[in-house]
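The values are calculated or read from the model by the stated rules, or taken from the named source; none is laboratory data. Since we're looking at a predicted model, the values are computed, not measured. Ideal geometry is used to build each Cβ from the backbone, glycine not excepted, and the neighbour counts take in all protein chains shown.
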Amino acid sequence: MKIVIAPDSFKGSLSAQEAGAAIEKGIKRAKPESIVKVIPMADGGEGTMDCLISTTKGKFVSEVVFNPLGRQIDSGYGILGNGTTCIIEMAMSSGLYLIESHERNPLLTTTFGFGQLIVAALDQGCRQFILALGGSATNDGGAGMLQALGAGLLDKEGLQIGFGGGELERLETICTNEMDSRLSECEFIIACDVDNPFIGEKGASAVFGPQKGATTDMVKQLDDNLEHFANVIEQTRGIAIHTIPGTGAAGGLAGGILAFLNGKLESGVSIVARVSALAEEIQDADLVITGEGRVDAQTVRGKTPYGVAKIAQSHNVPVVILAGSIGDGIDVLYEHGVSAVFSIVNRPMSLEQAMAETTPLLEAAAEQVIRIIQTNH
């Protein structure tokens, strides 16, 4: 029996690699002779870089860059095993977790450090980029990134505007003459798991601004500023990014990448699946086990279990999801290749206790899944 294990991380508890190892251990307890292939997964957010470095036997490169508030921090990026493809998690330079909760203010936070990581990777010879956009603290539409890449975001006086989404209202012209010439040699793939547009009631500011510290008034200001930015981009590049699905990812950073770096939007889980050759492993498997911390109605919007299940469905391989918690609306998953969803929590316990015991809980749940399957066989 061949079993492919392809989980996402259980956030706050286990990485995807650790979750895969726990599931494998449980399987082996029930059926030691099983052929097991562990392929750690991610959907474009936290853990995407680690998954791709691990899968391709790549490396991590350290770099000092600006954090969302312009302070220097230790950060870095990954180079995949082919030596030319770079994976950057924007959260490692411009992420919400890098600043204290009382410092959150998307009027001030910048993607400049993210742009610095791109420049550093260019210096290393990378020309193919996978940009993972989850977990941002920013709402500047990628303005800071463009400044780091050499663009002039100029006010009425011809001077560079400052950092943050609040400065975009001062923008008059965008000058690209001094942007790094090596960018024209590059391919940029944008890994994200949201389909929000750049502006509007479902846009970057309205949907994600509050979790980044924006008040109701700030959301209106940020959305107006992004609309102004999009108008100037259209005048400069001839591209209207205002309502394109996905351009609202990471505070509109996806829109900036799309407009100035010819970026291509792709679901994060699809990218990880392709690089890790997941489909090739699944095609002759008897079972696929995937999972993550929480599974609910939002899982079908591009989360890892959904992406894995769709691949398995195309090869007629059954899929079991193991989840830390299960929310409403999971029935829709059964239409997309999922055979069953199990919570790993096996007795009354607090969230803190469940997170502390995720490894043994995953092992036990995986063991029981295999014992059920053996009984049915």
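Points to keep in mind about this one:
- Pair list, Cβ < 7 Å and 6+ apart or interchain, from segment 7-35 residues that are closer than 23 Å to SER350 by Cα and in contact (Cβ under 8 Å) with a residue 40 or more places away in the chain to residues that are aromatic (Phe, Trp, Tyr) and crowded, with 18+ Cβ neighbours inside 10 Å: ALA19/PHE10
- For the residues THR247, THR215, the requirement of being surrounded by fewer than 24 Cβ atoms within 10 Å (Cβ to Cβ) and either in the same structural domain as GLY144 (by TED's automatic domain parsing) or not polar (S, T, N, Q) (or both) singles out THR215.
- Take the conditions (1) within 17 Å of ALA365 (Cβ to Cβ); (2) buried (at least 23 other Cβ atoms within 10 Å of the Cβ); (3) not hydrophobic (A, V, I, L, M, F, W, C); LYS28 misses just one of them, which is (2).
- Scanning segment 13-29 for residues that are among the hydrophobic types (A, V, I, L, M, F, W, C) and at pLDDT below 95, we see that the one that is farthest from LYS2 (Cα to Cα) is LEU14.
- Across segment 137-146, not a single residue is classified as free of Cβ contacts under 8 Å to residues at least 24 places away in the same chain and either in the same structural domain as ALA120 (by TED's automatic domain parsing) or not in a loop (DSSP other than H, G, I, E, B) (or both).
- Residue pairs whose Cβ atoms lie under 8 Å apart, sitting 6 or more positions apart in sequence or on different chains, and linking a residue in segment 350-365 that is more than 12 Å from GLY324 (Cβ to Cβ) and assigned by TED's automatic domain parsing to the domain that holds THR290 to a partner that is among the β-branched types (Val, Ile, Thr) and part of a helix (DSSP H, G or I), are GLU363/ILE23.
- Residues in segment 121-154 that are of a type in the set (S, T, N, Q) and surrounded by fewer than 23 Cβ atoms within 10 Å (Cβ to Cβ): GLN124, GLN128, GLN147.
- Filter result for GLY291 (buried (at least 22 other Cβ atoms within 10 Å of the Cβ) and in the same structural domain as LEU171 (by TED's automatic domain parsing)): no
- Residues satisfying the stated conditions in segment 191-203, i.e. over 14 Å from HIS228 (Cα atoms) and either in contact with a Phe, Trp or Tyr (Cβ under 8 Å, 6 or more places away or on another chain) or aliphatic (A, V, I, L, M) (or both): ALA191, VAL194, ASN196
- The set of residues in segment 47-88 being of a type in the set (D, E, K, R) and either touching a Lys or Arg at 6+ places or on another chain (Cβ under 7 Å) or at pLDDT 95 or above (or both) consists of LYS59, GLU63, ARG71, ASP74.
- For beta carbons closer than 6 Å, sequence separation of 6+ or different chains, a first residue in segment 69-87 that is within 13 Å of ALA120 (Cα to Cα) and a second that is of a type in the set (Gly, Ala, Ser), the qualifying pairs are SER75/SER93; GLY76/SER62; TYR77/ALA121; GLY78/GLY58; ILE79/GLY58; CYS86/ALA121; ILE87/GLY78.
- SER270 meets each of the listed conditions (1) within 20 Å of ASP43 (Cβ to Cβ); (2) touching a residue at least 40 places away in the same chain (Cβ under 8 Å) apart from (2).
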